[in-house]
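Visitor: Here it is: the structure, laid out below.
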Amino acid sequence: APYPSAEAIESRTPPYSKLLTRFKKVRQVLGPNRHLTLAEKILYSHLDDVEESLLTNTSNGANIRGNANLKLKPDRVAMQDASAQMALLQFMSCGLGSTAVPASIHCDHMIVGEKGADTDLPASIQGNKEVFDFLESAGKKYGIEFWPPGAGIIHQSVLENYSAPGLMMLGTDSHTPNAGGLGAIAIGVGGADAVDALVDAPWELKAPKVLGVCLDGELSGWASPKDVIMYLAGKLTVRGGTGYIIEYFGPGVDTLSCTGMATICNMGAEVGATTSLFPFSPGHIPYLQATHRGSIAAKAAELAVMAEGRNILRPDAKAEYDQVVNINLSTLEPHINGPFTPDLSTPLSKFSDLVAEKNWPTTFSSGLIGSCTNSSYADMTRAESLVKQATAAGLTPKADFFITPGSEQVRATLDRDDTLSTFESAGGIVLANACGPCIGQWKRTDGVQKGDENAIFTSYNRNFPGRNDGNRATMNFLASPELVTALSYAGSTTFNPMTDSIPTPDGTQFRFKPPQGQDLPSAGFARGNAEFLPTPGVPDPTTEVKVSPTSDRLALLEPFPPFPNHELKGLRVLYKVKGQCTTDTISAAGPWLKYKGHLPNIAENTLIGAINGETGETNVAYDLDGKTSGIPDLAKRWKAQGKEWIVVAEHNYGEGSAREHAALQPRYLGGRIILAKSFARIHETNLKKQGVVPLTFANEGDYDKIKACDEVESVGLQDVLHNASDGQVELIFSREGKETVRVQTKHTLSSGQCGFIIAGSALNLLAIKGRE
Ligand code: F3S
């Protein structure tokens, strides 16, 4: 059968006429003199009730960004296999027969990278069969397109099939903004938020501010789209995008390929941005056509010629941004970011000096290219051009060299066009079309042991300690695939392919010429193995969803009890976390991914990466009697004693991903409040959805006055929850019966979110509303 079917194309076309009608209403409400950014146009045209969202709580629509609570109705949902389990378990507990909007499931995170796709994929399917069977059966029952293991990485499949200019979608993965490369507003969320969209409940978002990035000039030579976001990450830092949508504009936009724009949007997650997006631009049309969506390209092109006031796919000429950053693509240098944080950004020309200054390793063991960030046809053919040059000079890579294609479509096309055989002849190992080493699913075979300090270069997006191989001493340096490829031939961290040479076997010196590639394959994309195509998005109520009651990987969810109707008393500080606390710290990935669908089992990893703010130890918690244990053990002990607890933390708590387990697990183990200096946006929302109260210090210095095992009492919390969501909560800390500090706190709870907390969780509230 032809793929995609006419029905599939229909369901993948944004509802343009509905959006235009709403956009007209937005224009009416905001008046003729408002100059809107593209982000505002698309977001506001997805409001459930335009007037209510834009006029309530704001001064007549003038102060929307950063203030208004938007109630949105997204067009689509995408879920990856690890997060889909909990999202679907939650969706199932609402008792509906099908999803309210089109949705898709992508099996990518649970596939190991070790020896190569041919052996790794069957082994991973075997090892995770129970989960894949559950996801497939749930997909069939509820009409969710199911992409089997091996089909590709969620963001690549979304770009190839679902993303479109003007679309708004939610994805249960933090790199969902990748789809913004094709002009969509695509936001990474937790499973509970995805469930909102799946059941047609409005999804709430504090209206983001808009950071405009004006691109001028044109990339050339070694500079690639990845370098745009690597440079920007250095400028903005991991917190700089918090509360913002990053919107690209300016003449440089028209010089970029669609997949290049997707790479830039993908890594916007690394600066904490709500999402990133590009306007409908020339690079989109050939990409949509090449991916069987010429009809969407034609519709978008019609909309894009409308007069400014009615053009929903590009910003107004005088759009007002909250901040503007200018980048000249013509003078942009390649960058290397890391280790351990994606915002430590160094121009290539300065990198060898930094290696010497910081005493970082001068050699590295593995170069890994691909992943959802950088596995496009352009990325791979540019890398291929370097491999061909080096092979002709008689060179082989000094570091192990791994290639992860982002999708079966890209893999099959690269296979047909001999790119993969070029990599393989040079000694490269082609891994399955999946996340693999990007998410801790990397079985290293190079002898590097846990604790061994070593360096790797990857074209991935994220480099927190332990992210790739579970070894916190592995330094992951992020770079473009071109740079990773060239450096792999030198095996040296100080090699600069723009200026340095490599000695060849015949004694001459070899210098790379700048990489060259093709944005799109001249012969079109190959479809690849038909087994990797998705199931159709049509519900089949006769399908039985497979969950074994004896499973240690999947467990149906028990609802959390509602919030007590009195102030909290006798809470105890479980742990005072020092420094960076990512969602990996709170709910580790790697081997734990296995238990994503089983809350009691995965809760055994709660906060095991957290550093004790008083002792500097990792995962060592102290009970009242001074006895030590792992954090999950202490939490379980207190839970058994009926003792609820709070965690105290520093800045950007929960940064990194949309992983809702990082909120569910503390809630399951008795966590009531997380008190931090600041929160990462997605995680803060996830906490609220699971009924945990996120509070921030009004005075950050109070952090120093708190100790583990302090008793805590709340004042004003009931008032905030029931009457005045703009009120304040005070926490009184005491030790051995004596008050030690009164902490004034701030919160961002909307009245809707207070409803989640009162009901026990957002899901409880949905179920209550469903019954009413
Ligand atoms: Fe997968 Fe890594 Fe992307 S985990 S979705 S390839 S960021």
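The values are calculated or read from the model by the stated rules, or taken from the named source; none is laboratory data. Owing to the predicted nature of the structure, the values given are computational and were not obtained by experimental measurement. Please note: Cβ atoms are built from the backbone with ideal geometry, for glycine as well, and neighbour counts cover all protein chains shown.
Visitor: With respect to the numbered conditions (1) over 19 Å from Glu114 (Cβ atoms); (2) surrounded by fewer than 21 Cβ atoms within 10 Å (Cβ to Cβ), which one is the sole condition not fulfilled by Gly470?
Guide: The number of the failed condition is (1).
Visitor: Also, quick follow-up: So which of Thr37, Thr56 ends up being over 17 Å from Pro15 (Cα atoms), within 28 Å of the chain's Cα centre (by Cα) and more than 16 Å from the ligand (Cβ to nearest atom)? Explain how you work it out, then say what you get.
Guide: Details: Thr56 fails: within 28 Å of the chain's Cα centre (by Cα).
Exactly one residue qualifies, and that residue is Thr37.
Visitor: Kindly provide the set of residues from segment 644-661 that are touching a Ser or Thr at 6+ places or on another chain (Cβ under 6 Å) and under 13 Å from Pro632 (Cβ atoms), ordered by number.
Guide: His661
Visitor: Additional query: Quick one: in segment 30-58, which of the residues that are of a type in the set (Val, Ile, Thr) and within 20 Å of Thr275 (Cα to Cα) is surrounded by the most Cβ atoms within 10 Å (Cβ to Cβ)?
Guide: Among residues in segment 30-58 that are of a type in the set (Val, Ile, Thr) and within 20 Å of Thr275 (Cα to Cα), the one surrounded by the most Cβ atoms within 10 Å (Cβ to Cβ) is Ile42.
Visitor: If you go through segment 354-382 one residue at a time, how many are in a loop (DSSP other than H, G, I, E, B) and surrounded by fewer than 24 Cβ atoms within 10 Å (Cβ to Cβ)?
Guide: Qualifying residue count for the region: 5.
Visitor: Taking the criterion of being on the phi > 0 side of the Ramachandran plot and modelled with pLDDT of 95 or more, would at least one residue in segment 370-388 satisfy it?
Guide: Yes: segment 370-388 contains one or more residues that are on the phi > 0 side of the Ramachandran plot and modelled with pLDDT of 95 or more.
Residue-by-condition table, conditions (1) within 26 Å of the chain's Cα centre (by Cα); (2) over 25 Å from Leu38 (Cβ atoms):
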| position | (1), (2) |
| --- | --- |
| Asn326 | yes, no |
| Gly338 | yes, yes |
| Thr341 | yes, yes |
| Ala383 | yes, yes |
| Thr391 | no, yes |
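Visitor: State yes or no: is Asn128 modelled with pLDDT under 95 and within 16 Å of the ligand (Cβ to nearest atom)?
Guide: Yes, satisfied.
Visitor: Among the numbered criteria (1) away from the ligand (no atom under 16 Å from the Cβ); (2) in contact with a Leu (Cβ under 7 Å, 6 or more places away or on another chain), which one does Ala123 miss?
Guide: The number of the failed condition is (2).
Visitor: Name the single residue, out of those in segment 87-102 being among the hydrophobic types (A, V, I, L, M, F, W, C) and at pLDDT below 90, that is nearest to the ligand (Cβ to nearest atom).
Guide: Met92
Visitor: Among the residues of segment 680-697, are any touching a residue at least 40 places away in the same chain (Cβ under 8 Å) and more than 29 Å from Val195 (Cα to Cα)?
Guide: There is at least one residue in segment 680-697 that is touching a residue at least 40 places away in the same chain (Cβ under 8 Å) and more than 29 Å from Val195 (Cα to Cα).
Visitor: Mind checking whether some residue in segment 157-171 is over 27 Å from Cys258 (Cα atoms), touching a residue at least 40 places away in the same chain (Cβ under 8 Å), away from the ligand (no atom under 15 Å from the Cβ) and among the small types (Gly, Ala, Ser)?
Guide: Looking through segment 157-171, none of the residues is over 27 Å from Cys258 (Cα atoms), touching a residue at least 40 places away in the same chain (Cβ under 8 Å), away from the ligand (no atom under 15 Å from the Cβ) and among the small types (Gly, Ala, Ser).
Visitor: A further question on this structure: Can you find a residue in segment 437-457 that is at pLDDT below 95 and closer than 18 Å to Ala383 by Cβ?
Guide: Yes, segment 437-457 contains a residue that is at pLDDT below 95 and closer than 18 Å to Ala383 by Cβ.
Visitor: Any residue in segment 159-170 that is modelled with pLDDT under 95 and of a type in the set (Gly, Ala, Ser)?
Guide: At the first step, the residues of segment 159-170 found to be modelled with pLDDT under 95 are none.
No, the conditions are met nowhere in segment 159-170.
Visitor: Now, a different point. With the structure loaded, tell me whether Leu182 is closer than 20 Å to Val77 by Cα, outside the structural domain of Asn461 (by TED's automatic domain parsing) and not polar (S, T, N, Q) or whether it fails that test.
Guide: yes
Visitor: Which strands (runs of 3 or more DSSP E) does segment 259-353 wholly contain that include 1 or more residues that are surrounded by fewer than 16 Cβ atoms within 10 Å (Cβ to Cβ), modelled with pLDDT of 95 or more and of a type in the set (S, T, N, Q)?
Guide: On the way: elements: 275-277, 323-328, 335-337, 345-347.
Ranges flagged: 323-328.
Visitor: Within segment 132-156, count every residue that is away from the ligand (no atom under 16 Å from the Cβ), in contact with a Lys or Arg (Cβ under 9 Å, 6 or more places away or on another chain) and either among the basic types (Lys, Arg) or under 15 Å from Ala82 (Cα atoms) (or both).
Guide: 5
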